[in-house]
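First up is the structure itself, then whatever we jot down about it.
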Amino acid sequence: MKILFLHGFTSSGQCEIAQALRTEMEGMAEVIAPDLPLYPEEAITLVGKLCQEHRPQVIVGSSCGAFYAQMYASPMRKVILVNPFFRMSEFLEPRIGLRQYKSPRLDGKQEFEITPNLIEHFKSIEERQFVSYKPDNKPYVYGLFGKQDTLAHFRSMYDSLYTNAREFDGGHTMNAENVRHDLVPLIKQLHCCPEKFSLTRFK
């Protein structure tokens, strides 16, 4: 099995979630966790290329990564959205200026800049993020929402589009324990026994 993990906006492919996912799925799955580009168009292009190249059976997106991941929902793969942030511009607007990444990136960059131009790029993508949405894809999308998440408030938007959702005991960003006890069991169950997860049971 191949898993494509898409990290949050201020993170990288070396973040705690990705590292824990690799550890927990060792011997069972290859975890592909790229450093996503800052600008959304470039990130979306990269995700598309990785899907074509690796054909992952599961995509896991966290926060901004979930914003990208839902665009690739299809019968070919399961998509897990962890605290999806469907309006990234709302997160960025009060944070204009230089910021630091929260985990190391392969290119060595430690800082990035949030600019009005970057925000406009996200707004443009937000307006058409559901252009490829198909109700038929609902069974392939799963939402995980942290009970203590104080950043993302998009559960109602998710519920208007998708059906499968559950909560976990954690905040906006999963820690290793959340990965071990909430994310990995879901991945295993979906991959091994997808027929067990009817729309009524995944609550």
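Every read-out reported here was derived from the displayed coordinates using simple, explicitly stated rules and does not represent laboratory data. Remember, it's a predicted structure, so these values are computed and weren't measured experimentally. Every residue, glycine as well, gets a Cβ built from its backbone with ideal geometry; the counts of neighbours run over all protein chains shown.
Some points to look at:
- For segment 1-115: rounded, prolate or oblate by the Cα gyration tensor [a/c cutoff 1.5]: prolate
- Expressed to the nearest 5 percent, the antiparallel share of DSSP beta bridges inside segment 1-115 is 30 percent.
- Förster radius 22 Å - calculated FRET efficiency between Met28 and His181 (Cβ-Cβ, nearest 0.05): 0.85
- Top of Val131, Val184, Val47 by mean-square fluctuation, Gaussian network on the chain, Cα under 10 Å: Val131
- Taking all Cα pairs closer than 8 Å and separated by 6 or more residues, the relative contact order of the chain comes to 22 percent.
- Label assignment, Cα Rg over 2.2 N^0.38 Å derived from the structure, set (1) 0.96; (2) 1.00; (3) 1.16: (1)
- Calculated mean residue ellipticity at 222 nm for the chain: -9000 deg cm²/dmol, from DSSP H runs with n ≥ 4 weighted as -39500 (n - 2.57), summed, divided by the residue count and rounded to 500.
- Ordering of 106-113, 64-71, 120-127, 161-168 by packing [mean C-beta count within 10 Å, highest first]: 64-71, 161-168, 120-127, 106-113
- Under the convention that each Lys and Arg Cβ holds +1 and each Asp and Glu Cβ holds -1, the size of the dipole of the chain around its Cα centre is about 580 debye.
- Bridges between two residues of the chain, per DSSP, are antiparallel at a rate of about 20%.
- Pairs of lysines in the chain whose Cα atoms sit within less than 16 Å of one another amount to 11, provided the residues are eight or more positions apart or on different chains.
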